[in-house]
């Protein structure tokens, strides 16, 4: 089956375009913005944060590790960070919902701090293997105990400082690189 090529369309401007548009935040950037702000010294203000369940799981986890994170009525998120190396051991397991991105990124953060965290998630997340993150983090010195198949729930015992490694990714992954 062939489709005809689109025909050119002449557009005549009647005046300049004006207005504004609000573009939703990016999930990957939103996770990282909360994490970096939580590791910073002082107060950070984040605008345009994507407020989906996955990003909210990241915010809850960072709160559990000592950061103060609040959403203002105007949609701006204010984060008082703990400083690099200042993450606190959470009192309970970090419940990640269905967020694989949150889990994998936070495993990396925890691995480079002298704290122990247990990660849990919903049935879907608990069925996904975490080996692509467990392997390099273990090589860096973190002690990770996972459920069979490298799945959640799992516990990460961090080490400080983490040992530098040379690692070739078997599969491209922004989460592992982060």
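Points worth noting:
- Reported count of residues in the range 53-80, each being over 12 Å from the mean Cα position of the chain (by Cα) and either buried (at least 19 other Cβ atoms within 10 Å of the Cβ) or under 22 Å from residue 90 (Cβ atoms) (or both), is 13.
- Residue list for the range 41-52, filter: closer than 15 Å to residue 26 by Cα and either surrounded by fewer than 17 Cβ atoms within 10 Å (Cβ to Cβ) or within 12 Å of the chain's Cα centre (by Cα) (or both): 47, 48, 50, 51, 52
- Residue list for the range 82-107, filter: crowded, with 22+ Cβ neighbours inside 10 Å, over 10 Å from the mean Cα position of the chain (by Cα) and either in contact (Cβ under 8 Å) with a residue 40 or more places away in the chain or over 24 Å from residue 161 (Cβ atoms) (or both): 87, 96
- Exclusive hit being touching a helix residue (DSSP H, G or I) at 6+ places or on another chain (Cβ under 8 Å), surrounded by fewer than 17 Cβ atoms within 10 Å (Cβ to Cβ) and within 23 Å of residue 120 (Cβ to Cβ), set 38, 28: 28
- Restricting the first member to the range 1-25 and to residues that are exposed (fewer than 10 other Cβ atoms within 10 Å of the Cβ), and the second to residues that are assigned to a loop (DSSP other than H, G, I, E, B), the beta-carbon pairs closer than 9 Å and six or more apart or on different chains are 22/48; 23/48.
A short reminder: the numbers here are calculations on the coordinates, not readings from a lab. These numbers were taken from a predicted model, which means no experiment stands behind them. Glycine gets a Cβ as well: all are built from the backbone with ideal geometry, and neighbour counts include every protein chain shown.
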